[in-house]
1. For the range 216-293, evaluate the Debye formula with one uniform point scatterer on each Cα (no solvent term) and list log10 I(q)/I(0) at q = 0.11, 0.15, 0.16 Å⁻¹, rounded to two decimals.
2. Past the 21 Å Cα-Cα mark, which pairs from Lys111/Lys461; Lys127/Lys204; Lys384/Lys478; Lys127/Lys169?
3. Could you tell me which trypsin sites (Lys or Arg not before Pro) in the range 510-585 are loop residues by DSSP with no more than 13 other beta carbons within 10 angstrom of their beta carbon?
4. Label points 7 Å out from Cα along the Cβ direction at Asn346 and Glu611: separation in nm?
5. Once the dipole of the chain is set up with Lys and Arg at +1 and Asp and Glu at -1 on Cβ about the Cα centre, which of Ala24, Ala98, Leu535 lies farthest towards its positive end?
6. Check which residues have an amide H placed less than 5 Å from Ser73's amide H, if you skip close sequence neighbours.
7. Enter the accessible area per residue of the range 480-616 (Å², integer; probe 1.4 Å; all protein chains in place).
8. Quick one: compute the contact order of the range 51-162, relative version, from alpha carbon pairs under 8 angstrom and 6+ residues apart, as a percent.
Amino acid sequence: MSFTKNIQSAISESILKLYQLEVATTDINLTPTRAEFDGDITYIVFPLVRELKKKPEDIAHEIGTDITASNESIKAYTVVKGFLNVSLTDAFWLGQLAGIEGENNYGTFPKRDKKVLVEFSSPNTNKPLHLGHIRNILLGWSSSMLLEAAGYDVLKTQIINDRGIAICKSMVAWGEFGEGKTPESTSTKGDHFIGEYYVLFETKFKEEYLAWQATDEANATYAEHKKPEQTADGFYKAYKNQYFNNFSALGAKATDLLIKWEENDTDVKALWSKMNSWVYKGFDETYSDLGVSFDDLYYESDTYLLGKDNIEQGLKDGTFYSKEDGSVWIDLEDVGLDHKLVLRSNGTSVYMTQDIGTAQIRYDDHKTEKMLYVVADEQDYHFKVLFEIMKKLKAPFADGLHHLSYGMVDLPTGRMKSREGTVVDADDLIAEVIGEVKKQASERGELEETTEEERAEIYRKIGLSALKFFILKVNPKKRMIFNPEESVDMQGQTGPYIQNAYVRIQSILRRWETMKDNVTADKEVDVLHEQESGLIQTLVAYPQEVLLSAENYDPSGMASYLYNLAKDYHKFYHDVRILTAESPEAMLLRIRLCESVAMVLKSGMKLLGIEMPERM
């Protein structure tokens with residue numbers, strides 16, 4: 001329903017009539033007129049200057065004069081250098097409002113018959129979900145919602161990293177120090193329970209390593225392997241992994257478990273399955289709290305051997321090459337990368353191998369035209385390589401692969417470290433933000449007329465809105481700092497600020513219900529207040545914002561749009577009388593405006609995974 005198409009067509013037709021020059025409507029770039037100038041829409045005429053060999057001001061005036069005379073929706077124009085600023089009539093904006101009201105699922109596009117797979121979260125089963133996971137999850141979920149609104153058939157998935165040495169470390173720690181405890185016996189959430197044993201393993205390993213450094217064996221190792229001028233502290237810091245593999249008793253136990261797991265040892269697989277089940281239950285609780293779900297799941301324990309068939313086929317057709325030691329590589333220098341290992345000399349896989357196979361099996365399973373990987377920017381290089389390999393393998397889905405790369409999340413206190421147990425658990429963060437909302441509401445004495453259960457639900461919605469919006473409003477590529485106190489600021493660029501605009505409207509509409517039967521209007525408004533037409537113009541832009549945010553895989557665009565809409569509404573609320581309007585027709589129009597703003601705010605926030613409360 002984009003009104004810009006009408007203006008684009010008018011300008012394109014005018015250029016053809018005035019200059020006998022054909023310019024496609026898609027090449028007529030329009031932008032909202034800047035606040036300091038008169039107008040609603042701006043057309044930049046500079047691209048025409050070279051072709052027409054005329055001053056940009058003259059071109060703008062000629063086009064402006066012509067489209068104003070021939071298009072009843074345009075009431076005036078101004079020219080600022082090469083910028084043609086067009087003002088649209090109040091009748092036009094009223095027609096746009098009527099169109100918004102009459103459109104079911106406003107901002108939702110027709111189905112495209114194109115399938116997109118979105119992979120997000122993809123946690124390790126040796127620790128609970130944390131703040132970094134939350135950014136990943138929120139980006140993945142919101143991108144999925146935006147793509148669905150844009151008309152795509154979206155499949156939400158994750159690959160759960162449920163095998164490997166890290167999981168074996170938790171297994172060793174529980175076996176050595178757990179004394180048979182369970183999440184149920186300790187009243188601990190399953191993923192937190194296992195995460196504590198992962199941290200405990202690292203603690204015990206550090207103690208073991210420190211004690212070893214005082215032995216003759218360590219002194220001999222240091223003397224044999226230290227680099228010139230390397231201090232003992234520097235050596236032992238660098239030698240940690242070698243110690244784990246060659247000397248550590250705990251390391252040997254973890255490695256032994258991994259070997260037995262790969263050999264399908266019955267007892268080891270049973271322990272692994274039991275401990276992972278505790279983690280999955282914990283993950284599901286967190287996902288439920290965040291309001292997210294998945295359509296399909298993949299497990300690394302099933303996929304880690306995938307890709308070898310692709311490598312074998314690639315060797316036959318010359319995509320890959322073997323070195324003398326038997327390892328398999330690919331040359332990517334022609335695309336600005338380097339040579340990449342895809343199979344070790346002993347025939348075992350690397351991560352790239354299984355990612356090749358997993359991409360293929362997902363396509364075989366679902367025939368998706370696009371696959372979106374939501375993964376932190378630490379893996380930028382990995383995905384560049386993966387995507388180029390799939391192109392060289394001529395995978396039918398290769399051109400539809402995209403890495404939604406995002407920056408890490410820090411706290412005001414600094415970075416988090418899983419091994420040291422200094423990460424902020426997702427559950428703790430959710431509880432902290434909801435607690436901050438409750439604290440502020442209690443201090444202001446709000447919601448006293450509601451029941452305890454109703455208050456708890458309102459606090460939950462506001463707290464999750466604060467958390468989600470604060471993270472999603474930042475462009476994914478940017479590293480960010482999450483501050484719980486700032487996230488709940490009712491006056492800042494926050495989720496609660498937007499929710500407050502919606503709640504204000506609900507309050508007005510409840511009052512309107514009690515008085516509407518006594519309000520009649522003999523005519524309709526034909527002259528708009530400046531803020532009324534401004535609100536309508538912002539509402540009209542909503543579908544395009546949905547489309548742009550979806551195609552850019554960037555929920556921050558939608559977050560910015562919703563904040564601006566809420567800000568415009570708050571100003572409208574303060575500056576324009578609604579239920580005490582100067583006339584019945586003005587009152588009816590403003591109620592319609594309130595209803596449309598509330599509809600778009602609720603719809604847009606839903607695309608960010610945010611619920612709207614009726615009261616605050």
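1. -0.56, -0.74, -0.76
2. Working: Lys111/Lys461 30 Å; Lys127/Lys204 17 Å; Lys384/Lys478 19 Å; Lys127/Lys169 11 Å.
Check vs 21 Å cut-off fails for Lys111/Lys461.
3. Values: sites: Arg510, Arg511, Lys516, Lys523, Lys567, Lys571, Arg577; in loops: Lys523, Arg577.
Loop-located and lightly packed - Lys523, Arg577.
4. That separation, rounded to one decimal, is 5.1 nm.
5. Ala24
6. none
7. Working: 6000 Å² over 137 residues.
So the range 480-616 comes to 44 Å² accessible per residue, rounded to a whole number.
8. Working: 130 pairs, mean separation 25.6, N = 112.
About 23 percent, as a whole number.
The values are calculated or read from the model by the stated rules, or taken from the named source; none is laboratory data. Just so it is clear, the model here is predicted, and its values are computed rather than measured. Cβ: placed from backbone, ideal geometry, glycine included. Neighbour counts: every protein chain shown. Heavy atoms of the whole protein, side chains included, go into the accessibility calculation; ligands, DNA and RNA do not. Shrake-Rupley method; radii C 1.70, N 1.55, O 1.52, S 1.80 Å.
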